[in-house]
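The values are calculated or read from the model by the stated rules, or taken from the named source; none is laboratory data. Only a predicted model underlies this, so the values are computations on that prediction, with no experimental measurement involved. Note: ideal-geometry Cβ built from the backbone for every residue, glycine included; neighbour counts use all protein chains shown. What goes into the accessible areas is simple: the full protein's heavy atoms, side chains included, and nothing from ligands, DNA or RNA. Shrake-Rupley method; radii C 1.70, N 1.55, O 1.52, S 1.80 Å.
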Amino acid sequence: MTTPQNDNPSTNGSDSVIAIHNPVMEEMNDPVMLSVDGTPNTLPGRSGSDSVQAMHDVLWREHAEPRDGFEPVPFWVSLIFGALLAWGGYYIGSNSADFRRDMYDRSDLKIPEGGASALNAPDPDPQTVEELMKIGQQKYQAICAACHQPNGQGNPSQNIPPLDGSEWLVGEKASPARLARIVLYGLNGPIEVKGRTYQSTVMPNQGNVFKDYEIAGVLTYVRNSWSNKADAGKPPAITPGVVRAARMKEGPRKTNGSQPMSQDELLKIPVTYSDGGSPAPKAEEKK
């Protein structure tokens, strides 16, 4: 038998497959490569190193393209956004009448049957206890009863004094001038009612929400409801004119809640004082 001849001398007796690939691998790993025109072209910075690795290094040095939507919100942006939300909530709470339904859906502002011209009609001018009580009851139940309760007992646990039997409504401290100012401008600070001092009392202002005849109606209602009988058998002590005179007397004092009354200010007003200039009859004391 004859010995098989090796047609590929480059194998030198080694595995023929490896021998076939060796020239190709040597050419790929040669640090000096040929350019398109056949001239040597050595990759910069890779003298004597693996040329394939050098080509890959160029790609590995590249960074991925940035993508929006995956980065965290900067902390300072969150602070500004939170501050805007807080300011917006404060502004809405201070200038929207507490979102009370009757402030935005008032029947007295709807176009009456007489047409739009009837809207120019003057405000009602109730002068009897019955007329004022009717107006005041609707306003009290819609707004005031939430704090002072439908029965006028208030909520002492939440620092809300009672109206039923209060000496500020029917008693030694009651006067039209004082009561008109409480509702017009609100009340802040401690106040003594029925022998108990209510600290940090906050009575919301209504002077920029209620009209004068509505304030007179509410005051007449609470002065003549439950056990209170301030105007029994007499003309009402608080009419729209009384409230109007108090508003004019205070002049520049704001009714937006920024300048509320205090107990000390109220007590400086004599019980017999009248904003119209003539003494007002002293309110009837509770029997």
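Ranked from highest to lowest mean number of other Cβ atoms within 10 Å per residue, what is the order of the peptides 78-88, 152-162, 228-238?
On the way: 78-88: 10.3, 152-162: 15.5, 228-238: 17.2.
Highest-to-lowest ranking by the protection proxy: 228-238, 152-162, 78-88.
Can you compute 3J(HN,Hα) from phi for each residue in the stretch 72-81, using the Karplus curve 6.51 cos²θ - 1.76 cosθ + 1.60 with θ = phi - 60°, rounded to whole Hz and x for Gly and Pro?
The phi angles translate into x, 6, x, 4, 5, 5, 5, 5, 5, 4 Hz.
If Lys and Arg each add +1 and Asp and Glu each add -1, what is the summed charge of the other residues whose beta carbon sits under 14 Å from the beta carbon of Thr197?
Value of the local net charge: 0.
Treat each spin label as a single point 7 Å out from the Cα along the C-beta direction, and report the Thr272 to Asp123 distance in nm.
Going from the Thr272 label point to the Asp123 one covers 3.0 nm.
Order of 197-204, 251-258 by packing, highest average Cβ count within 10 Å first?
197-204, 251-258
Accessible area per residue, 1.4 Å probe, Å², for the stretch 166-207: what's the number?
I get 33 Å² per residue for this part.
With the alpha-carbon atoms as the only input, what is the per residue convex hull volume for the stretch 111-235 in Å³?
Numbers: hull volume 14.6 nm³, N = 125.
Each residue corresponds to 117 Å³ of Cα convex hull volume.
Taking the simple approach of a point 7 Å from Cα along Cα-to-Cβ for both Thr197 and Ala232, what is their distance in nm?
3.3
So, with +1 on the Cβ of K and R and -1 on the Cβ of D and E, and no other charges, what is the size of the charge dipole of the stretch 129-287 about its Cα centre, to the nearest 20 debye?
That gives a dipole near 120 debye.
Express in nm, to one decimal, how much length is gained between Lys134 and Trp76 on full extension, taking 0.36 nm for each residue of separation and deducting their alpha carbon distance.
On the way: separation 58, 0.36 × 58 = 20.88 nm, distance 5.48 nm.
Additional length available on full extension: 15.4 nm.
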